[in-house]
Amino acid sequence: MGTIQQRFEIDQPASAVYEALAAPEDILQKMPGVTGVTRLAPDLYRMIFGAAESPRQVDLQLTCHHELRRVEWRTVDGVWSGAVTAEPIGPARSAVGVHAESAQSETESPPPSALHDALQAFKRVLESREIRVSHAQSGGRTGSGRHAGSEARGLASEWRNVARSAFTRPTEYPFALVRTVSRQVDRLWGEMWRGTPIARLPHMVPGLHWNPDVEVCEQDDHVRVCIDVPGVDESNLQVEVDEGYLTIRGERQDERATDPGHRRSELHYGAFTRRIPLPDGVDPDAARAVLRNGVLEVRIALHRREARKVPVQHAS
C-alpha cells in the first residue's frame with residue numbers, strides 16, 4: 001500500500017479552493033490524461049482516460065465537509081482514497097493539503113514521476129484563474145448567491161437527516177436535534193460576523209477560550225469525530241472516552257513567541273477542551289485516533305443491541 005502526502009500554498013482564498021474541490025469538473029478535466037468527465041450523481045463523477053478507441057474509465061465518489069473545508073474522495077473500485085483540505089493562511093492565500101492512499105502494491109502503483117506530474121498539474125489548476133469558483137470575499141452577486149444556495153442546501157440536508165432519525169432512532173432524536181441546532185447557530189453566527197472585527201476577536205484577544213470546530217458522523221457500526229486542529233502536534237493531544245463522552249484536550253504552542261520585532265497574529269494559541277456526547281453502545285476499547293493533515297479523526301466502534309422478544313405464556 002502506498003501513501004502520498006503533499007502540502008503547498010497558493011494565492012487563492014480557502015473558500016474559493018473548497019468550492020472548486022466540492023464541484024471539481026473543471027479540475028478533473030484539466031488533469032493529465034483525462035479526456036472526459038461526466039457527473040453521474042451529486043457526489044459521483046466518471047473520468048475517461050486514453051484515446052477514444054480504447055478508453056478507460058474511473059468513477060470517483062466525494063464526501064464534502066463544509067465546516068472543515070475538507071473533501072474526502074475514493075475511487076469506486078477501492079484502489080485509491082484520500083482527502084484534500086483548504087486551510088486559510090491569509091485573505092487571499094491558502095494552504096492545500098493532499099493525502100492519497102493506494103491499495104495496490106508498490107510494483108502495481110504508478111511510477112513516482114507520474115504521481116509527481118499529477119500533483120504539479122493539480123497545483124497549477126488550483127492556482128489558475130480559469131477555474132470557475134466564487135470568491136466569497138469579493139462580494140460578487142453571482143458568487144454570493146451560489147454560496148448562499150449551497151449553504152441553504154447543507155442546512156436543509158441536516159434537518160432532513162435529523163427528522164429521519166426521529167422515526168429510525170427515537171431515543172437518540174433529542175440529542176441529535178440539540179447538536180444540529182447548536183451547530184447551525186454557530187455556523188450562522190460565524191457567517192453573520194465574517195470579515196468584521198468581532199469575528200477576529202477570539203484571535204486578537206489573548207486568553208480567550210479556543211474551541212476548534214468539530215464534526216460528528218454516526219454510522220451503523222461506528223462513530224467518527226473529526227476536529228480541526230492545524231498546527232497541533234500529536235504529542236500535545238489527549239483523547240479520552242469515558243461515561244458516554246469523548247473528551248479531546250490539546251494545546252497549540254506559539255513557537256515564534258520569542259522572535260524579535262512587532263507581530264500581529266490572528267492565530268489561536270494555547271489549550272483547548274472539547275467534550276462530545278456519544279450514543280449508547282460505543283466500545284471505548286475499540287477507539288482509534290489518527291492525526292492527518294491537521295485534522296484529528298477519532299473512530300469508535302458502535303455495537304447496538306437489538307430488541308429481544310419475550311414470549312408470552314398462558315398461565316395455568
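Laid out as a table, the results:
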{"quantity": "Qualifying residue in segment 45-61 (condition: in contact with a Phe, Trp or Tyr (Cβ under 8 Å, 6 or more places away or on another chain) and within 20 Å of residue 126 (Cα to Cα))", "calculated": "yes"}
{"quantity": "Residue that is under 20 Å from residue 290 (Cα atoms) and surrounded by 13 or more Cβ atoms within 10 Å (Cβ to Cβ), where the choices are 6, 29, 12, 61", "calculated": "6"}
{"quantity": "Scope segment 247-278; condition more than 30 Å from residue 300 (Cα to Cα) and either at pLDDT 85 or above or among the charged types (D, E, K, R) (or both); matching residues", "calculated": "254, 255, 256, 259, 263, 264, 266"}
{"quantity": "Breaking point among (1) modelled with pLDDT of 85 or more; (2) in contact with a strand residue (DSSP E or B) (Cβ under 6 Å, 6 or more places away or on another chain), for residue 4", "calculated": "(1)"}
{"quantity": "Test: residue 19 is over 16 Å from residue 118 (Cβ atoms), in the same structural domain as residue 92 (by TED's automatic domain parsing) and part of a helix (DSSP H, G or I)", "calculated": "yes"}
{"quantity": "Failed item, numbered, when residue 103 is tested on (1) in contact with a strand residue (DSSP E or B) (Cβ under 8 Å, 6 or more places away or on another chain); (2) surrounded by 15 or more Cβ atoms within 10 Å (Cβ to Cβ)", "calculated": "(2)"}
{"quantity": "Strands (runs of 3 or more DSSP E) wholly inside segment 219-272 that include at least 3 residues being among the β-branched types (Val, Ile, Thr) and surrounded by 16 or more Cβ atoms within 10 Å (Cβ to Cβ)", "calculated": "222-228"}
{"quantity": "Scope segment 280-306; condition farther than 27 Å from residue 232 by Cα and charged (D, E, K, R); matching residues", "calculated": "280, 304, 305, 306"}
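The values are calculated or read from the model by the stated rules, or taken from the named source; none is laboratory data. Computed from a predicted structure; not experimentally measured. Neighbour counts run over all protein chains shown; Cβ positions are idealised from the backbone, glycine included.
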